[in-house]
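Notes for the one structure printed next.
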Amino acid sequence: MSVHAGKTIDRRANSVLAGLEPAIFFGFFEELSAIPRGSYNEKQVSDHIANFARSRGFEVCQDDIYNLLIRKPGTPGYENAPTLILHGHTDIVCESDEGVDHDFNNEGIKLQVIGDFIHGTGTTLGADNTVGVAFAMSLLASDDIAHPPLEIVLTVQEEVGKGGAQYFDGAKLSGKRLLDMNWHDPKSLFAGCAGDISARFKIPLKWEPLASGQTALSLRISGLSSGHSEFDIHLERANAIVQLGRLLRIAIRETGASVAEVNGGVNRYVIPGEAEAIISVHASKVADLKQKIEAEAAAIAFEYKTSDPSLKIALTESQNQFTEVFSAQAARAMVDAMNLLPNGVQSKSLQVEGLVESSNTVALLSNDRNEVEIVNTIPSAVSSRRYNIVDKIRQLSELIGNGATVETFADCPEWPYNPDSRMLNAGKAAYEREFGEQPHVEVSHSSLELGLFRKKVPDIDMLSIGPEAFDVHTTRERLNHTTVDSTWRLLKSLLSELRT
């Protein structure tokens, strides 16, 4: 039984995950999944966890943006062990399939189990990072697991620039060791990651009256594989915003098309799987434009037949009503940016074989009355590479002109790999004890909040673990429930290892 939204819930009633082990974890996972918790909408889930912890007598600190710090004393024999910070984040990426009507502000995730995997129902699952929060709650609810004093930190706004970790007061922490629960490979220990920064490329908009004899059209790209902009960037998947720019260049150059509206992408950490432009073209040129778009669409589909087999490009009549369009100069500046912004892998590590060192994802495209905005997310394991990519984006804005500017935000440092890490060595020992083999040690191109904790807590020693999850940040996201028990075993074994 548990309390949620002011009422008592029997977890056994209508449970989708009943029978999965460890039962304590899946009970909390299902409980959390019922609570809406997209980025900036974390108050309800934060209050729920805070009330859960207080009801068990634990000290709870909840800050103004709903980050949580929960303290649990060490168990007998571990009372004086060095404090361990256990970390996860409460927000999830909210995305649904085309045609699926899901109100993420007010509805939880509808879970389903298909074979070894837990999925959402036409939506993201939110295993990133409901997993970490469910493990934290499982430890808070357990009284038979040996562990050092715990400082459980559950941050908000991780998926929109690590806002919670940026805001969190590191001075409240006494621990110098941190275990993160936001990794997705149960056979490896995660021991280092990139930092990242985001950049808004802005182009001022001027408007022109819609010429007579025009037909309104929707130019839409959909069905792309999408994926996490850091975990999946090496897969060379198509970017819907970039491909839309390619098609708009043809439309403008070949038929004199005008642009009235653009949009694309769902999140700064997601490779855009959909993008659309509302355009206008003289009625006499519609057939010619369709022919040219179809030819280019066939070329794009061939180029990405392996990575994006479900890619769709459609040019259809639009019901949008408008009387003005972007000025020709503003439209050209926007299309130049969409085509020329660096996108995808920019460099690979010369120290770690196979590791992407730096990349950029052209992640979001939108316009309002005043400007077009293109948001880029730039992770890199080397700070100078990250800032060099930003500088190239600035140079592009200068070359394009038309008042284009670049603003950066959410600058997060990297977490360098340390082969002598005490946490890493403890993790190796625990893994070998539980599974009789050495784990793979992973250093990733992904940018987690851990670089910020390294900045806030000098000399912090960190490690990340987690069960197997695939296609996070997409509606194909799925959690391999058969790997959760091994992660739970590893977590308990590692906690017992941290007596000194």
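The values are calculated or read from the model by the stated rules, or taken from the named source; none is laboratory data. None of these values were measured; they are calculated from a predicted model. Note that each Cβ is placed from the backbone with ideal geometry, even for glycine, and that neighbours are counted across all protein chains shown.
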Against the conditions (1) touching a Phe, Trp or Tyr at 6+ places or on another chain (Cβ under 8 Å); (2) buried (at least 21 other Cβ atoms within 10 Å of the Cβ), where does residue 308 fall short? Just the number, please.
(1)
On the basis of being in contact with an Asp or Glu (Cβ under 9 Å, 6 or more places away or on another chain), closer than 28 Å to residue 311 by Cα and either surrounded by 17 or more Cβ atoms within 10 Å (Cβ to Cβ) or free of Cβ contacts under 8 Å to residues at least 60 places away in the same chain (or both), does residue 88 make the cut?
no
Looking at (1) surrounded by fewer than 15 Cβ atoms within 10 Å (Cβ to Cβ); (2) without any contact (Cβ under 8 Å) to a residue 60 or more places away in the chain, which is the one condition that is false for residue 77?
(2)
Being within 16 Å of residue 183 (Cα to Cα) and in a loop (DSSP other than H, G, I, E, B) is the filter here; which residues of the range 114-159 pass it?
125, 126
Can you name every one of the helices (runs of 4 or more DSSP H) wholly within the range 392-500 that holds 3 or more residues which are touching a Cys at 6+ places or on another chain (Cβ under 9 Å) and closer than 29 Å to residue 354 by Cα?
450-456
With the condition kept exactly as written, say whether any residue in the range 340-353 is among the polar types (S, T, N, Q), more than 30 Å from residue 199 (Cα to Cα) and either modelled with pLDDT under 95 or over 30 Å from the mean Cα position of the chain (by Cα) (or both).
no
Report, by residue number, each residue of the range 423-447 that is touching a residue at least 24 places away in the same chain (Cβ under 8 Å), over 15 Å from residue 487 (Cβ atoms) and not small (Gly, Ala, Ser).
423, 424, 428, 441, 443, 445
Test set (1) surrounded by fewer than 17 Cβ atoms within 10 Å (Cβ to Cβ); (2) more than 23 Å from the chain's Cα centre (by Cα); (3) of a type in the set (Val, Ile, Thr) - residue 100 fails condition number
(2)
Is it the case that the range 54-72 has a residue that's within 22 Å of the chain's Cα centre (by Cα), over 23 Å from residue 453 (Cβ atoms), surrounded by fewer than 23 Cβ atoms within 10 Å (Cβ to Cβ) and not acidic (Asp, Glu)?
no
Filter the range 365-374 for residues that are in contact with a Ser or Thr (Cβ under 9 Å, 6 or more places away or on another chain) and among the hydrophobic types (A, V, I, L, M, F, W, C); the one that is surrounded by the fewest Cβ atoms within 10 Å (Cβ to Cβ) is 372
For the range 233-242, name all the residues that are in contact (Cβ under 8 Å) with a residue 60 or more places away in the chain and crowded, with 20+ Cβ neighbours inside 10 Å.
233, 237, 238, 239, 241, 242
Note: among 366, 327, just one is within 19 Å of residue 262 (Cα to Cα), at pLDDT 95 or above and touching a Gly at 6+ places or on another chain (Cβ under 9 Å), namely 366
Restricting attention to the range 156-180, report how many residues are within 29 Å of residue 80 (Cα to Cα) and within 15 Å of the chain's Cα centre (by Cα).
1
Return only the number of the condition from (1) touching a residue at least 24 places away in the same chain (Cβ under 8 Å); (2) small (Gly, Ala, Ser); (3) within 23 Å of residue 443 (Cα to Cα) that residue 384 does not satisfy.
(1)
Is it true that some residue in the range 349-358 is closer than 28 Å to residue 263 by Cα and surrounded by fewer than 23 Cβ atoms within 10 Å (Cβ to Cβ)?
no
Would you mind finding the one in 212, 222, 138, 188 that is free of Cβ contacts under 8 Å to residues at least 12 places away in the same chain and not acidic (Asp, Glu)?
212
Being crowded, with 19+ Cβ neighbours inside 10 Å and at pLDDT 95 or above narrows it down to one of 494, 448, so name that one.
494
How many of the residues in the range 412-441 are within 24 Å of residue 175 (Cα to Cα), in contact with a Gly (Cβ under 8 Å, 6 or more places away or on another chain) and not hydrophobic (A, V, I, L, M, F, W, C)?
5
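Conditions (1) at pLDDT below 95; (2) surrounded by fewer than 20 Cβ atoms within 10 Å (Cβ to Cβ), marked per residue:
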| position | (1), (2) |
| --- | --- |
| 414 | yes, no |
| 417 | yes, yes |
| 432 | no, yes |
| 477 | no, no |
| 498 | no, no |
So which pairs qualify, if the first residue must be in the range 34-60 and at positive phi, the second must be among the polar types (S, T, N, Q), the Cβ gap must be under 9 Å, and the two must be at least 6 apart or on different chains?
40/157
Report the residue count in the range 60-106 for those that are within 19 Å of residue 176 (Cα to Cα) and acidic (Asp, Glu).
1
